[in-house]
Amino acid sequence: MPLATEARANYDVVIGLEVHVQLLTRSKIFCGCSTRFGDPPNTHTCPVCLGLPGALPMLNREAVTMAMKAAIALNCVINSQSRFSRKNYFYPDLPKGYQISQYDEPLAEHGWLEMEGGGQRKRVGITRVHLEEDAGKSLHEGFPDSAVSSYIDLNRSGVPLIEIVTEPDLRSPGEAYEFLTRLKQIMLYLEVSDCNMEEGSLRCDANASVRPAGTTALGTKTEVKNLNSFRFLQRALTYETDRQIEGLERGDEVTQETRLWDSREQRTYGMRSKEYAHDYRYFPEPDLLPLAMSEAWKEEARRAMPELPDARRERLTHAYGLSDYDAAQLTDSRALADYYEGVVDGGADPKLAANWVLSELLYLLKEAKRQIAESPVSAANLAELVQLIAGGKITGKMGKEVLAEMFSSLKHATAVVAERGLSQISDPQKILAAAREVIAANPKQTEQYRNGKTTTLGWFTGQVMKATRGQANPQLVQEILKKELSQ
């Protein structure tokens, strides 16, 4: 049964996230093996990522630079020195029996990310950003319908990750969803990860607890592991916080534990009692020196940073006079923002360009199941079309036809207009002739207009546009019709 609204109102929800982001390096964090996804199992392995005796790790510099960019974007303090540790636990796809991670000396700390929360801007604290290697992958066949066969693929073992840990600042599953959306957007802007959740490039664990409304002490938390979609994150947290509230309402205590989300049954279930740091027997990785972060290296990472979404949105609003909504839509992805600015750089009016990118072009791309980077209409070609419309060479309605032709044929706007004879008619004499023919052919509507029913002007305009195959200048059509109908 759904939890009663009254019961929810008696509790505050407290959520913190641990987000694992796979870095977009070509090779693994401690060896030269490829990170390419989808290749045959166990084809990207070597003595280092297999954990063979005597194999020594060597740190991937590019992974560190990417991690720094992420930390800078999240307003973190990058520590001058950080250290790798061994996190010891047994799992079939962890060949060494430990994971190289960072523990008490992480790469970066004390950051924040701003997002929309409850209709206003909210700052969510970032506890730490640290580097670590990924484990392999266990593949299970037959579950749950028959006997299970398990296989181990170690291609992913040693792939570089950053773990981003938030403060317990999120107050609803919706806020957690929004935070993860904003975080993904920033990582994609930075080009440090492809954030493909289906391929495991972005994974999230969520710590959730509830407490009586108005109190400050944290309640007992549970951790929901391996949430690999935004939708599952929101549903799992809704279920889990409702489950805790229902238990407290019955007088039960919440058990601190790790739980898993079952997407088929739409519920969480217990996996194991919650582990603590000492359970992992962390100790410094003896085969890696402490990581020293020079100011020169930090500055190199800062200089390589792109303009981030918030800054770009604000610039587009002020530089081009766009609405907050249009600027937010255009900066949803770096590729879309780059495309839009390419259209403007091509000479198109900024506001008109925004309308054509966000409406007509994105509609065609959606129908074709393509991304903006795959658009068959280049930014320069769309700029040409927008300029034809703004200059009165073609109407907006014609523009839609021309864009559809450009999309399918890859031709330029001027070529399509010339081939199809779609130039706008702005000659007053030609429009006057068409208007007089329509008026003469429709005496009843003409009489209604002259008797005060001026709303029929729109009908007359449509008839003239139809007679001119939509090529007449609509404003000039209305001006001429008003004059002729008033005689």
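The values are calculated or read from the model by the stated rules, or taken from the named source; none is laboratory data. Computed from a predicted model, the values in this text were never measured in an experiment. Positions of Cβ are backbone-derived with ideal geometry, glycine not excepted, and every protein chain shown enters the neighbour counts.
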(request) Could you pull out the residue among SER209, SER149 that is surrounded by fewer than 18 Cβ atoms within 10 Å (Cβ to Cβ) and more than 22 Å from the chain's Cα centre (by Cα)? (result) SER149
(request) Could you check how many residues of region 329-358 are among the small types (Gly, Ala, Ser) and either surrounded by fewer than 16 Cβ atoms within 10 Å (Cβ to Cβ) or modelled with pLDDT under 95 (or both)? (result) 2
(request) Scan the helices (runs of 4 or more DSSP H) fully inside region 237-347 and keep the ones with 1 or more residues being under 29 Å from the mean Cα position of the chain (by Cα) and hydroxyl-bearing (Ser, Thr, Tyr). (result) 309-320, 324-330, 334-345
(request) Within region 102-128, count every residue that is of a type outside the set (D, E, K, R) and within 18 Å of ALA176 (Cβ to Cβ). (result) 12
(message) Out of LYS430, LYS444, I need the residue that is under 21 Å from LEU388 (Cβ atoms), assigned to a helix (DSSP H, G or I), out of contact with any Ser or Thr (no Cβ under 7 Å at 6 or more places or on another chain) and of a type outside the set (A, V, I, L, M, F, W, C). Which one?
(response) LYS430
(request) Could you please find all residues in region 290-335 being touching a residue at least 24 places away in the same chain (Cβ under 8 Å), aliphatic (A, V, I, L, M) and in contact with a Ser or Thr (Cβ under 6 Å, 6 or more places away or on another chain)? (result) LEU291, MET293, ALA301
(request) Give the number of residues within region 192-206 that are in a helix (DSSP H, G or I) and buried (at least 20 other Cβ atoms within 10 Å of the Cβ). (result) 0
(request) State whether the residues of region 407-419 include one that is more than 30 Å from ASP349 (Cβ to Cβ) and in contact with a helix residue (DSSP H, G or I) (Cβ under 7 Å, 6 or more places away or on another chain). (result) no
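Table: residues versus (1) of a type outside the set (Gly, Ala, Ser); (2) within 47 Å of the chain's Cα centre (by Cα); (3) surrounded by 14 or more Cβ atoms within 10 Å (Cβ to Cβ); (4) within 23 Å of LEU361 (Cβ to Cβ).
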{"position": "GLU374", "(1), (2), (3), (4)": "yes, yes, no, yes"}
{"position": "ALA380", "(1), (2), (3), (4)": "no, yes, yes, yes"}
{"position": "LEU388", "(1), (2), (3), (4)": "yes, yes, yes, yes"}
{"position": "LEU410", "(1), (2), (3), (4)": "yes, yes, no, yes"}
{"position": "ILE431", "(1), (2), (3), (4)": "yes, no, yes, no"}
{"position": "TYR449", "(1), (2), (3), (4)": "yes, no, yes, no"}
(message) From the list GLU285, GLU257, GLU246, exactly one residue is surrounded by 12 or more Cβ atoms within 10 Å (Cβ to Cβ), modelled with pLDDT of 95 or more and of a type outside the set (A, V, I, L, M, F, W, C). Which is it?
(response) GLU285
(message) Report every pair of residues separated by at least 6 positions or lying on different chains whose Cβ atoms are under 6 Å apart, first residue within region 159-177 and closer than 24 Å to VAL192 by Cα, second part of a loop (DSSP other than H, G, I, E, B).
(response) VAL159/LYS28; VAL159/THR35; VAL159/ASP134; PRO160/LEU23; PRO160/THR25; PRO160/ILE29; LEU161/ASP134
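Search region 220-236 for residues being at pLDDT 90 or above and in a strand (DSSP E or B), and hand back the single one that is nearest to VAL210 (Cα to Cα).
Looking at the filtered set, the residue picked out is THR222.
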